[in-house]
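To keep things clear, I will list the structure first and then write my remarks on it.
The values are calculated or read from the model by the stated rules, or taken from the named source; none is laboratory data. The structure presented is a predicted model; accordingly, all values stated were derived computationally and were not measured. Every residue, glycine among them, receives a Cβ derived from its backbone with ideal geometry; neighbour counts consider all protein chains shown. Surface areas here come from the heavy atoms of the whole protein model, side chains and all, with no ligands, DNA or RNA. Shrake-Rupley method; radii C 1.70, N 1.55, O 1.52, S 1.80 Å.
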Amino acid sequence: MARQKFTGTAGLPLARRAVRMLKDRGIFAHSLVSVEHQQLARRYVIRGLESGGCAGDIGRYVSFAAEDGQPLEYLHRVETIAVNGLHAVVISGALVRLDMLRKGRTYELIVTRHALSSVTSGERPHVESEILFRGIHGRLELDLNGKDKAQAGSAVPTFYSLAGEAIAIPEKFLPLVRAATKGVNCVGCTHAHYLRKPRPLVQPRLDDSNHEVAVCRETAETLSG
């Protein structure tokens, strides 16, 4: 039987024991993305959940970015009773997802791109996934939730090839990886580490509009005079 190609659609490939241990520690990192339909806009989008945290020597964190690595605005925050769970909802037509796992000072990482497939009118698209970076058995000799906590947010693990050579993380994704590295070391995490707060909509004030009209009238009178 032909071996199925690993696409990273569901995030890191974890053994049942690892999944059970994360559950027992109360760490919930939701790596799956879904296709949703916006009724008013009449379009399909991808939905993801920034989530995860740390409990002792174990941590897992899932976050998202734009295709150029820049932070995306979340749709809204998610406040749960438990810690190390859901933090924020993100909606986009295409996005990059990061899934990181930590055990002690050993790190696993996968960065994937997700976009909607091209379809004819009336059909529901599916998610097309592409692996952008895969890091196996990375090391970071820092205790980021202990004595080296001041370096959290600036440090990243070093990943190696099977031949023992260091593999460079793509430059544009370094801020995302730094944030996730902090996330897998964030004990009792309750907040998003990379998605950013939506910018408020600026509504024009009535006095501003009146001021603009007055300026236009004054300019017109000056030119006519």
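Checking the condition among the acidic types (Asp, Glu) and within 14 Å of VAL184 (Cα to Cα), which residue from ASP57, ASP68 passes? Spell out the reasoning first.
Numbers: ASP68 fails: within 14 Å of VAL184 (Cα to Cα).
Going through ASP57, ASP68 in turn, just one is among the acidic types (Asp, Glu) and within 14 Å of VAL184 (Cα to Cα): ASP57.
Among residues of segment 106-124 being modelled with pLDDT of 95 or more and of a type outside the set (A, V, I, L, M, F, W, C), the one that is farthest from the chain's Cα centre (by Cα) is THR106. Scanning segment 161-180 for residues that are open to solvent by 60 Å² or more (accessible area, probe 1.4 Å) and closer than 17 Å to ILE131 by Cα turns up ILE167, ALA168, GLU171, LYS172.
From the list ARG20, ARG42, which one is modelled with pLDDT of 95 or more, of a type outside the set (Asp, Glu), exposed (fewer than 14 other Cβ atoms within 10 Å of the Cβ) and over 20 Å from the mean Cα position of the chain (by Cα)? Let's see the steps before the verdict.
On the way: ARG42 fails: modelled with pLDDT of 95 or more.
Result: ARG20 is the single residue among ARG20, ARG42 that is modelled with pLDDT of 95 or more, of a type outside the set (Asp, Glu), exposed (fewer than 14 other Cβ atoms within 10 Å of the Cβ) and over 20 Å from the mean Cα position of the chain (by Cα).
Check whether at least one residue in segment 62-74 is of a type in the set (A, V, I, L, M), out of contact with any Phe, Trp or Tyr (no Cβ under 8 Å at 6 or more places or on another chain) and surrounded by 19 or more Cβ atoms within 10 Å (Cβ to Cβ), and report yes or no. For segment 62-74, residues of a type in the set (A, V, I, L, M), out of contact with any Phe, Trp or Tyr (no Cβ under 8 Å at 6 or more places or on another chain) and surrounded by 19 or more Cβ atoms within 10 Å (Cβ to Cβ): present. The single condition among (1) in contact (Cβ under 8 Å) with a residue 60 or more places away in the chain; (2) of a type outside the set (Asp, Glu); (3) in contact with a Leu (Cβ under 9 Å, 6 or more places away or on another chain) that PHE159 does not meet is (1).
Against the test of being closer than 25 Å to PRO157 by Cα and either part of a loop (DSSP other than H, G, I, E, B) or without any contact (Cβ under 8 Å) to a residue 40 or more places away in the chain (or both), the options ARG97, ARG17, ARG113 yield a single qualifying residue, ARG17.
Say whether the condition of being small (Gly, Ala, Ser), open to solvent by less than 30 Å² (accessible area, probe 1.4 Å) and part of a strand (DSSP E or B) is met by at least one residue in segment 117-134. No, segment 117-134 has no match at all.
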